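Scroll down for the structure; my scribbles are underneath it.
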Amino acid sequence: MTSPHEDDRFDWQAAENDLTNPAAAGPDAEVVDLDDARARRARPAADATHFDLPLDETPQRGGMLVDPPATAPNGRRPIIPAGWSGWQNIKHSVRQAAELAGYRAGFHAVRSPWYATQAAFWATVGAFRLTGRQLRWWWVTEQTGLRQAAADANDPAMWHKLHREVKATRAWRGVVLLAEAVTLAVAAPLAWATAPWWALTAGAGLAVAYLAHVGRPDDRPIITPATVAGRFRRVNPDIILRAYYAAGLGNPDKPHQRVEFGSTMARDPSGTGSQVSIDLPYGKTFDDAVKARGSIASGLDVAVSQVFITRDPSSHRRHTLWVADRDPLAQGAGRTPLLRCKPTDIWQPAPFGLDERGNKVSVDLMWNSVLIGAQPRQGKTFAARSLALYAALDPYVKLTVLDGGGKPDWRKFALVADRYAFGLAMTRDGDPAEIVLDALREIKADVQDRYERLSRLPVDVCPEGKLTREIARDPKYNMPVRAVFLDEFQEYFDLGDISKEIASLLVYLVKVAPAAGVMFVDATQRPSGVGGGQVATQFISFRDNHQVRFSLRTGSWNVSDLVLGAGANSEGYDSSTLLPSYKGVGILRGASDATPTVRTYLADADDAEKILIAARKLREAAGTLSGMAAGEDVAREIRDVLADVRSVIERGETGAQWEEIAARLAARLPEAYADVTAESISAQVRSFGVRSVDVKRSGKALKGAKADDIDAAITRRKAA
């Protein structure tokens, strides 16, 4: 392999030959300036170019150093610490110290009875231990070994000498212990009779504390600490290199296989971890680092949930490594800020949660459709509902809430939703499947009408030919922003014949409606699909036409890719790696340039009800409460299918093929049959006992219905 700089090399051997043998160089040979050639050879590598472009950019410094210097650049430490310089800093430091002291005082006050019980017990033990120590001191037990050694050595002189010494020591120490006992016997009653109560209390406390200290084992402290310092991994370049080499991402002994740093080791601005830019060896890729994430975590001696690898767009071998001090996803994001119950604006991003670094994450609902997928009981419905609550607090947003699962989580949206359907069982409001179908038909007609009306508006009102905030909030245009929320939407793809039209409408709307100011937020626990045939194909088309994806924990990387979109796993995003203990935690893709792991805000049933009650009051004040929430009768108009089909069979025709019937119904009665198919109309008509028979048209026989059979079915129905 040749060097990229070989154009700058100089053939010294040829030059010397030319100088020593000018004839060999030819009559047109140039005289080479050796000094200039040597200067070119000594040119710094940083000046080397290839096609007049720098080969590599100069690495940029990172942020704050991991170990910031304790002194100023001039080498002097500040006379007054930063925490005590200035009134604001002093107040902050005092407040922090007071809060910590108050917490510790409360912590120990609650446990003080238990501390007293333990102190009394261990003080009793300590009294016996102290007595034993004094007896052993009096008896001079440490000399026993010396006398035994003298006896073993058959040295009676030494034994007698030691014996006399121990007798004298015992006599003197006995006098000391006797004096101590007499002093204690006299002083205790005297103190009890003359000393004030506070002195007795203090003395008793000190005595109990000392005896408890003597009596308790070393590994059994009586007072437990109120705060415990966390265990953090101090990340430095040596540890990172060790981890990467152990993961097989390079070789320190080969010059071209070494891992390098593209930035200085830095602390995250939030102070929750360390980060650095990594340049892998040539030939190693970002995908290799993602696959080795577990091995990197092992090399760093941290949990895999603390290691985050982010792609660098400038090079496929470069990425940013962020190592959290502790698992950033184990702690929830807290209650939703929507509990303030203030009006929201759908044209502004909706608060969604916190990312792994504690930064706020929001989702722009306008012009987007959002897909949420997960295993059951991972927080999927709560995530979708948090976005619905944000939309509900904007009184100018028209809500449609359709829950195929029929869970209690969405029921309170009946307070504000223009259309709603919960579950699949018949209710007082009608058949939920029919309500869903009618709602989707109405939305499709509204979308088509909007595009036509927007195209006719003057440029000064509609400058870009699309919905604006002013148009959406002006009652004279009647084009409010609409938000459709579907939970467990897979249920609507598995209802038999009616699912064909529902599926067709959903695919059309998710592709076309967002640009008309109609957004979709759709959640499912079956992203792989349901059913078969055309409906299954439409399910996939519906699922894949969402711009924003949010995947909570899934069962495998394949399912994660279905939710997050193809290629997510190869980019390092796999929701199946999220721990089962994480609730409401998922990977958000498509909402911004970044793909964060988000801890969603919590809004439980009580929170949701409080927010929805406030949202209804806002709509009543703005005069925008509509549809089913306002008590309007929005039940679907019941069509006489037999009569409609009979009306499209022309005079003189004995029957019509199902394709003809469907096309004629869509043309003549578009408000009811705009999306009808040959299969769906055949199923509806055959349910009345009408036969599906061959009907000839232009020499071709296809299945259809005879006029006589339809007339007979109408007669039977009247007779019944």
ask   = Of the residues in region 92-119, how many are open to solvent by less than 60 Å² (accessible area, probe 1.4 Å), over 23 Å from LEU211 (Cα atoms) and among the aromatic types (Phe, Trp, Tyr)?
value = 1
query = Can you find a residue in region 147-164 that is aromatic (Phe, Trp, Tyr) and farther than 24 Å from THR117 by Cβ?
reply = yes
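Could you grab me the full set of residues in region 311-341 that are part of a strand (DSSP E or B) and either surrounded by fewer than 16 Cβ atoms within 10 Å (Cβ to Cβ) or at positive phi (or both)?
The first filter runs over region 311-341 and keeps only residues part of a strand (DSSP E or B), leaving 311, 318-324, 335.
Listed by number, the list holds a single entry, ARG335.
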Search result, residues across region 403-428 that are open to solvent by 60 Å² or more (accessible area, probe 1.4 Å) and of a type in the set (A, V, I, L, M, F, W, C) = LEU424, ALA425, MET426
ask   = Does any residue of region 335-353 turn out to be touching a strand residue (DSSP E or B) at 6+ places or on another chain (Cβ under 6 Å) and modelled with pLDDT under 90?
value = no
In region 177-198, residue farthest from ARG147 (Cα to Cα) [restricted to those that are touching a helix residue (DSSP H, G or I) at 6+ places or on another chain (Cβ under 8 Å), open to solvent by less than 60 Å² (accessible area, probe 1.4 Å) and without any contact (Cβ under 8 Å) to a residue 40 or more places away in the chain] = ALA195
remark   = Those residues of region 242-272 that are surrounded by 19 or more Cβ atoms within 10 Å (Cβ to Cβ), closer than 25 Å to ASP327 by Cα and modelled with pLDDT of 90 or more come to a total of 4
task = Among the helices (runs of 4 or more DSSP H) lying completely within region 612-720, list those that include at least 2 residues that are open to solvent by less than 90 Å² (accessible area, probe 1.4 Å) and hydrophobic (A, V, I, L, M, F, W, C).
result = 641-647, 658-668, 678-686, 707-719
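Are any residues in region 501-521 aromatic (Phe, Trp, Tyr) and surrounded by fewer than 22 Cβ atoms within 10 Å (Cβ to Cβ), and if so, which ones?
As a first pass, look at region 501-521 and keep what is aromatic (Phe, Trp, Tyr): 508, 520.
Within region 501-521, TYR508 is the sole residue that qualifies.
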key: Count - residues of region 370-392 that are surrounded by 24 or more Cβ atoms within 10 Å (Cβ to Cβ) and not in a helix (DSSP H, G or I)   = 5
query = Which one of these does VAL304 not meet: (1) free of Cβ contacts under 8 Å to residues at least 60 places away in the same chain; (2) under 23 Å from the mean Cα position of the chain (by Cα)?
reply = (1)
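May I ask you to say which residue of GLY529, GLY572, GLY555 is open to solvent by 50 Å² or more (accessible area, probe 1.4 Å) and out of contact with any Cys (no Cβ under 9 Å at 6 or more places or on another chain)? Show your work before the answer.
Details: GLY529 fails: open to solvent by 50 Å² or more (accessible area, probe 1.4 Å); GLY572 fails: open to solvent by 50 Å² or more (accessible area, probe 1.4 Å).
Only one candidate passes the filter, namely GLY555.
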query = Got a sec? Which strands (runs of 3 or more DSSP E) wholly within region 458-565 have at least 2 residues that are free of Cβ contacts under 8 Å to residues at least 40 places away in the same chain?
reply = none
message = I'd like to know if region 225-241 contains one or more residues that are of a type in the set (Ser, Thr, Tyr), out of contact with any Lys or Arg (no Cβ under 7 Å at 6 or more places or on another chain) and open to solvent by 40 Å² or more (accessible area, probe 1.4 Å).
response = yes
remark   = Of the candidates VAL512, VAL481, the one satisfying the condition of being at pLDDT 95 or above and under 26 Å from ASP345 (Cα atoms) is VAL481
key: Single condition GLY203 does not satisfy, out of (1) open to solvent by less than 50 Å² (accessible area, probe 1.4 Å); (2) touching a residue at least 60 places away in the same chain (Cβ under 8 Å)   = (2)
key: Cβ pairs under 6 Å, 6+ apart, first in region 313-337 and of a type in the set (Ser, Thr, Tyr), second in a loop (DSSP other than H, G, I, E, B) and surrounded by 19 or more Cβ atoms within 10 Å (Cβ to Cβ)   = THR336/TYR601; THR336/ALA603
ask   = Can you tell me which residues in region 264-311 are among the aromatic types (Phe, Trp, Tyr) and farther than 12 Å from GLY572 by Cα?
value = TYR282
task = Could you give me the residue pairs with C-beta distances under 7 Å whose first residue belongs to region 587-608 and is farther than 15 Å from PRO328 by Cβ, whose second residue is assigned to a strand (DSSP E or B) and hydroxyl-bearing (Ser, Thr, Tyr) wherever it lies, and which are 6+ apart or on separate chains?
result = none
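Within the bounds of region 273-286, is there any residue that is in a helix (DSSP H, G or I) and either open to solvent by less than 10 Å² (accessible area, probe 1.4 Å) or touching a residue at least 40 places away in the same chain (Cβ under 8 Å) (or both)?
The initial filter retains those residues of region 273-286 that are in a helix (DSSP H, G or I), namely 286.
From what's left, either open to solvent by less than 10 Å² (accessible area, probe 1.4 Å) or touching a residue at least 40 places away in the same chain (Cβ under 8 Å) (or both): 286.
Among the residues of region 273-286, at least one is in a helix (DSSP H, G or I) and either open to solvent by less than 10 Å² (accessible area, probe 1.4 Å) or touching a residue at least 40 places away in the same chain (Cβ under 8 Å) (or both), which makes the answer yes.
The values are calculated or read from the model by the stated rules, or taken from the named source; none is laboratory data. Small disclaimer: the values here were computed from a predicted structure and weren't measured. In this analysis, Cβ positions are derived from the backbone assuming ideal geometry, glycine residues included, and neighbour counts consider all displayed protein chains. Accessible surface is based on the protein model in full, side chains and every heavy atom, while ligands, DNA and RNA are left aside. Shrake-Rupley method; radii C 1.70, N 1.55, O 1.52, S 1.80 Å.
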